[in-house]
Every structure is written in C-alpha cells, then in structure tokens.
Amino acid sequence: MTRDIEGALKATGGSAEGAARAASAFARRAVDEGLVDVTYARTDSPVGRLLLATTPRGLVRVAYLNQAHSEETVLERLSARVSPRILEAPAHLDPVRRQLQEYFEGSRRSFALELDWMLMGPFSRRVLERTSAIPYGERATYAEVAADAGSPRASRAAGNALGANPIPIVCPCHRVVATGGGLGGYTGGLDRKLALLAIEERVATS
Amino acid sequence: MSKSLPPFQAFLDGHRVEVFRFLASMVGPDEADDCFQETFIAALAAYPRLRPGSNARAWILTIARHKAIDAVRARERRAVPDEGAATTAVAGTAAPAEDPELWQAVGALPPKQRAALYLRYVADMPHRDVAQVLECSEDAARRSAHEGITKLREVWA
C-alpha cells in the first residue's frame with residue numbers, strides 16, 4: 001500500500017510560526033522604507049480601547065472601538081477613504097500612545113502631534129481647527145464654534161462636524177457643549193465626554 | 001459585496017501562512033524568509049491596483065513564484081561552477097524535521113513541477129488557479145502536477 005503522499009506533503013515545509021516571524025519582519029521593513037500609507041495600533045485608555053492611525057502627514061484617526069465600531073469597520077473605512085496600504089505598526093504609534101497616556105494621567109494639557117485632516121471637508125476642518133483652540137479644562141458652545149468658523153447660523157452643521165470628528169480626544173470636541181448648559185452629544189457616547197471633562201476639570205483646578 | 005480592497009494587514013494575515021509554506025517548498029525554509037519579504041514588498045507596492053473581487057490568492061502566489069525563481073537564479077550565480085549541477089534544485093537547504101526524505105524528493109523536482117505539486121496537492125487549488133499562478137495553460141498545469149506526483153511516488157512510496 002502506498003503511503004499517504006498528499007498528507008505527508010501537507011505536513012512538510014514552513015511553519016505558521018515561521019510565517020508570523022517573516023510577516024513581522026516584512027512589516028518593519030515596509031514601514032522603514034516608507035511603503036505604507038497608513039499605520040495603526042491599538043491602545044487601552046480610561047475611556048476604553050482606542051484604535052490610532054497615522055499617515056506620513058500625521059495622526060489621521062482616533063477611533064473608539066465598540067460593537068458598532070469594530071476594528072475591522074474602522075480599518076475598512078480607512079482603506080476606502082485614505083489608502084488600502086495599511087499595516088499594523090505599534091512602535092510607529094508610540095509617540096501618540098505616550099502623549100495620550102500623559103493626557104489621561106493629567107500631566108499633559110495639549111498634544112504636540114502633527115495631524116492629517118484629510119478625512120474632513122473644508123467646513124468640518126474649520127470647525128475642528130477652532131475646536132482645537134479651546135483651552136484645556138474650558139468649554140465652548142456649538143454656536144460659538146460655528147461663529148468662529150465663519151458661519152454663525154450653522155451651529156447644527158458644526159454639531160454634525162464635531163460628531164464626525166475623526167480625531168477625538170486629540171482634537172478636543174468634548175469641550176464643545178450645548179448653549180444653556182446641556183452637554184450636547186459625543187462621538188464616543190456621553191459617558192466618555194463626561195469622563196474627559198472630569199479629568200480636565202480635576203487637573204485644571206488642582 | 002464590498003467594492004473596496006481589504007486593508008493590506010488583513011490581506012497579509014489571510015495569506016501569510018500559505019505564501020510562506022509555498023516558498024519553503026520552492027526554495028527551502030532558510031531562503032523562504034527573504035523571498036517572503038520580497039513577495040509582500042512587491043505586493044504592497046502593486047496592491048492598490050488589484051481589482052476588488054479578483055483572485056487575490058492566485059495573485060500573491062504568482063508574485064511569490066517569481067520571487068522564488070529569482071532566488072534560485074541568484075543562488076545559481078553564486079554557486080562555484082563545479083558545484084553548479086548540485087544546486088539547481090533545493091538540494092543543500094535544510095530539510096524540515098517532519099519528513100526529510102520527502103523533502104529531498106520534492107527538492108529534486110524541476111521548479112515548475114514542484115510549484116504545481118504544492119499548489120494542487122497542498123494548497124488544494126483547482127487546476128484553473130494553478131495555471132494562473134504558473135502562467136501556463138490549464139492542461140500544462142494539470143500535466144505538471146501529475147508528473148510531479150508520479151515522480152514522487154516512484155522515489156518515496
């Protein structure tokens with residue numbers, strides 16, 4: 001009787017561990033050689049798990065990961081809207097992760113990071129740039145931000161732009177609240193908005 | 001069906017084991033590492049032009065086959081003339097632990113038969129896809145796989 005040649009062939013050759021090692025080496029080389037358009041990493045934070053993505057121009061996405069926003073969905077959108085040349089590269093995102101950690105610990109009040117605004121239209125970008133200028137620990141209203149962005153009657157549109165902020169936390173849309181004292185909405189849910197405002201209030205008054 | 005390409009990381013995760021094993025069967029496990037990197041570097045550069053819905057598996061294995069051929073040629077150029085005859089196949093590369101004899105027998109096959117054998121009997125690809133990777137007709141792919149397995153049975157069974 002002949003031996004099972006197909007089974008033996010399947011058992012021969014490179015291992016899955018070898019493939020994993022080769023894939024890591026490839027990813028490092030691709031990033032070093034500048035062949036990757038988007039690199040990403042995950043990080044844990046007091047407001048939950050985050051996905052961070054950067055392009056050669058700067059930080060392009062901070063995403064709250066949850067059921068509605070899985071890592072897969074976030075990456076697929078980046079693939080369609082920025083580039084499919086996307087690789088996981090945790091070391092490449094170390095500066096972002098470090099600054100976020102300092103922010104959550106209360107030792108950092110502003111981020112020193114290049115930002116890539118490409119996921120925003122011109123109006124959204126104006127709104128979010130104004131939002132970035134709101135000082136740490138302070139609040140502005142949707143109407144104020146809209147007026148700052150040159151469209152005083154567009155507070156609803158400003159709200160939409162803030163709700164679609166691709167770089168929350170770093171671009172502090174949590175500092176924008178409703179006129180009359182209401183919290184307004186938040187891209188990551190109101191619990192997160194409250195948590196971020198509480199951190200800043202504690203640090204700013206200590 | 002999504003019209004856009006999956007992120008390259010997902011593409012890499014989905015194909016890395018198969019590509020690595022294919023390359024190990026083509027050039028041996030030691031050189032598979034370098035070939036693997038060359039394969040995915042080339043794939044990353046060309047990736048945005050890959051049409052969504054096309055056969056990504058056959059596409060990446062075609063690139064891998066080209067890189068394996070390059071590696072074998074480079075090895076032949078490095079080889080000293082009087083050793084040339086012995087280095088045309090994967091002879092001389094470290095055999096994997098599972099079955100060194102079978103590995104040697106596979107290594108002794110001409111590259112096209114070796115590739116056809118792997119794609120057909122290990123990767124379980126239909127002959128049509130094997131033909132796409134080998135860039136030959138379906139008949140020729142069928143013949144190569146058949147000749148490869150027949151030779152292996154002679155020496156190994």
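Any read-out appearing in this document is the output of simple, stated calculations on the displayed coordinates, not a laboratory observation. All values derive from a computational prediction rather than experimental measurement. As a convention, Cβ positions derive from the backbone with ideal geometry for all residues, glycine included, and neighbour counts pool all protein chains shown.
Considering the options A:18, B:60, A:40, tell which one lies farthest towards the positive end of the dipole of the protein assembly as shown, charges being +1 on Lys and Arg and -1 on Asp and Glu at the Cβ, about the Cα centre.
Value computed over the given set: A:40.
Listed highest first by mean packing, meaning other Cβ atoms within 10 Å per residue, what order do A:43-53, B:8-18, B:22-32 come in?
Result, highest mean Cβ count within 10 Å first: B:22-32, B:8-18, A:43-53.
How big is D for region A:3-118, in µm² s⁻¹ as a whole number, if Stokes-Einstein is applied with the Kirkwood radius of its Cα pairs at 4 °C and 1.567 mPa s?
80 µm²/s
Mind checking the full-extension length gain between residue A:205 and residue A:125? Use 0.36 nm per residue of separation minus the Cα-Cα distance, one decimal, nm.
25.8 nm
What is the Cα coordinate range of region B:3-59 on the first, second and third principal axes, sorted by size from largest, in whole angstrom?
38, 17, 16
Would you mind working out the magnitude of the charge dipole of chain A relative to its Cα centre, with +1 at each Lys and Arg C-beta and -1 at each Asp and Glu C-beta, to the nearest 20 Debye?
Rounded to the nearest 20 debye, it is 380 debye.
Return the distance in nm (one decimal) between the two label points of a simple spin-label model at residue B:79 and residue A:157, each offset 7 Å from Cα along Cα→Cβ.
7.1 nm
What number results when the radius of gyration of region B:111-157, computed over Cα atoms, is divided by 2.2 N^0.38 Å?
1.04
Three principal axis extents, largest first, for the C-alpha atoms of region A:65-154, in Å?
Per principal axis, max minus min of the Cα coordinates gives 40, 34, 27 Å.
Would you compute the Debye intensity of chain A from its alpha-carbon atoms alone, equal scatterers and no solvent, and pass along log10 I(q)/I(0) at q = 0.12, 0.13 Å⁻¹ to two decimals?
The calculated log intensity ratios at q = 0.12, 0.13 Å⁻¹ are -0.66, -0.76.
Charges at C-beta only: +1 for Lys and Arg, -1 for Asp and Glu. How large is the resulting dipole of the protein assembly as shown about its Cα centre, in Debye rounded to 20?
Dipole about the Cα centre, nearest 20: 1220 debye.
For the protein assembly as shown, report the translational diffusion coefficient in µm²/s to the nearest whole number, using Stokes-Einstein at 10 °C, 1.306 mPa s, and a Kirkwood Rh over Cα pairs.
Reported coefficient: 67 µm²/s.
Jot down the per residue volume, in cubic angstrom and as a whole number, of the convex hull over the alpha-carbon atoms of region A:105-206.
Cα convex hull per residue, to the nearest whole number: 94 Å³.
Let me confirm the definition first: pairs of Lys residues in the protein assembly as shown, 8 or more apart or on different chains, C-alpha distance under 24 Å. How many are there?
5
On the first, second and third principal axes, largest extent first, how far apart are the outermost C-alpha atoms of region A:45-105 in Å?
35, 29, 15
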